[in-house]
1. Tell me, in nm to one decimal, what length is gained between K87 and V34 on full extension, where the rule is 0.36 nm per residue of separation less the Cα-Cα distance?
2. Any of K35/K87; K35/K65; K43/K81; K54/K81 with alpha carbons more than 18 Å apart? Name them for me.
3. What order do you get for 68-76, 46-54 when each peptide is scored by the mean count of other beta carbon atoms within 10 Å, highest first?
4. Which is farthest toward the positive dipole end of the range 32-77 among V33, Y57, T72, measuring Cα position about the Cα centre, with Cβ charges +1 (Lys, Arg) and -1 (Asp, Glu)?
5. What net charge is computed for the residues neighbouring E40, neighbours being all others with C-beta under 14 Å from the C-beta of E40, Lys and Arg scored +1, Asp and Glu -1?
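Each value in this text was obtained by applying a stated rule to the coordinates, not by laboratory testing. This structure is a prediction, so every number in the text was calculated from the model and none was measured. Here the Cβ positions follow ideal geometry from the backbone for every residue, glycine too, while neighbour counts run over all protein chains shown.
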Amino acid sequence: MKLFVTLALALGLIPAPVEYIPAQGVCMREKVVVKQDSKEFRKVTASLEPFQQKEAYRITVSPRKIKIEALTDEGFFRAGKSLEQLKAIGP
């Protein structure tokens with residue numbers, strides 16, 4: 001599966017993240033916090049085109065929780081798909 005994901009990223013079939021900051025540790029809990037249309041995330045996406053804002057999301061993983069931020073249902077859908085992909089290639 002890791003080979004498939006690596007190949008798909010290299011070919012541009014799966015969009016690469018805008019930013020990826022690796023850290024030590026693993027999130028061992030299934031606590032997921034969802035924030036929709038927060039002022040902070042709206043500021044982050046303000047410079048994007050409207051169609052990009054609709055699809056934008058941010059996933060933050062810490063040892064205690066996974067936080068998903070998006071402005072729309074489309075963004076949450078895409079975030080969910082990303083989490084599925086991360087679980088598929090995880091440890």
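1. Working: separation 53, 0.36 × 53 = 19.08 nm, distance 1.80 nm.
So the extension gain works out to 17.3 nm.
2. Details: K35/K87 21 Å; K35/K65 13 Å; K43/K81 24 Å; K54/K81 15 Å.
Correct reply: K35/K87; K43/K81.
3. On the way: 68-76: 18.6, 46-54: 11.0.
Going by the mean number of other Cβ atoms within 10 Å, highest first, we get 68-76, 46-54.
4. Ranked along the dipole, the leading option is V33.
5. Details: positive: K35, K39, R42, K43, R58, K67; negative: D37, E69.
Surrounding charge for E40 is +4.
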